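I have placed the structure first, in the form of structure tokens, so that the comments after it can refer back to it.
What follows draws every value from the coordinates through simple rules; no lab data is involved. Keep in mind the model is a prediction, meaning the values are calculated, not measured. Glycine gets a Cβ as well: all are built from the backbone with ideal geometry, and neighbour counts include every protein chain shown.
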Amino acid sequence: MLTSWGYVLTTDEAIAALGLEKPTTIEEAHGAFKELTHLLAAEGDDKQLQDRAIRHQAWFRSALEALEAEQGDDSAERLNARGLACLKAGYLDGAVQAFSDAIGRGGAHGCNYNRGLTYLQMGDMDRATQDVKQASTLAPKELEIRTTLVKIYLRTQQYGLVRREGELLLKQKPDDTELLYDLALAWTLGDARHPSKAAEKLKQAVRIDREIRQRAEDDTAFDGIRDHPAFVGWQGR
């Protein structure tokens, strides 16, 4: 039984008054609290309803504090760390579950990114793309996340997106040889082939790392344009 603002309420009365179920997790308590806050803002002229909402809001605040104390060991940070440990151990299903739980507890963009990397290892490209895109949206300045997204686009043969996102990223990472190589592939594969642009990216990469030359010579992905006049001279020979 709870006493708030001079009223005595049982837990069930506090829940039933607004048709809400008793929260058993931090997320449910957060949701109930937000719903009551919204109700207070929307029904400001109804004094009776407002008074009732204030009393129930106080109960949910107490419930939230109790749940957070009770479930403190399952914080987003701890769950994310658990997911990383599972990922390192190769327990991919466990990693997905831990990262999902961390996201459910308000984990930052890194939780989405880590789950995306896990899906990538599992070969689930759709979910990997979704998670890494979400992480990139939440943290647009994180270049590693954007670079991984370009890699995913390349693996899923979305060459137009590789070219678009890769060229934007290259302005911030002009010496990234992997990005240059991926762009060369994107200008080589698919319907919109552009041998001269592929050659340009490879030239830039070789200036930074000479080993790229041999890698490109051995890569059969370039066979379709290898004899094209615009591509023949890319090695400077």
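Residue-by-condition table, conditions (1) touching a residue at least 40 places away in the same chain (Cβ under 8 Å); (2) surrounded by 14 or more Cβ atoms within 10 Å (Cβ to Cβ); (3) hydrophobic (A, V, I, L, M, F, W, C); (4) outside any loop (DSSP other than H, G, I, E, B):
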{"position": "Val150", "(1), (2), (3), (4)": "no, yes, yes, yes"}
{"position": "Gln157", "(1), (2), (3), (4)": "no, no, no, no"}
{"position": "Leu169", "(1), (2), (3), (4)": "no, yes, yes, yes"}
{"position": "Glu178", "(1), (2), (3), (4)": "no, yes, no, yes"}
{"position": "Gly190", "(1), (2), (3), (4)": "no, yes, no, no"}
{"position": "Glu200", "(1), (2), (3), (4)": "no, yes, no, yes"}
{"position": "Gln204", "(1), (2), (3), (4)": "no, yes, no, yes"}
{"position": "Arg226", "(1), (2), (3), (4)": "no, yes, no, no"}
{"position": "Phe231", "(1), (2), (3), (4)": "no, yes, yes, yes"}
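Take the conditions without any contact (Cβ under 8 Å) to a residue 60 or more places away in the chain, farther than 30 Å from Phe99 by Cβ, in a helix (DSSP H, G or I) and of a type outside the set (S, T, N, Q) and apply them to Ile212. Does it pass?
yes
Residue by residue through region 88-116, note down the ones that are in contact with a helix residue (DSSP H, G or I) (Cβ under 7 Å, 6 or more places away or on another chain), outside any loop (DSSP other than H, G, I, E, B) and closer than 27 Å to Lys173 by Cβ.
Correct list: Phe99, His109, Gly110, Cys111, Asn112, Tyr113, Asn114, Arg115, Gly116.
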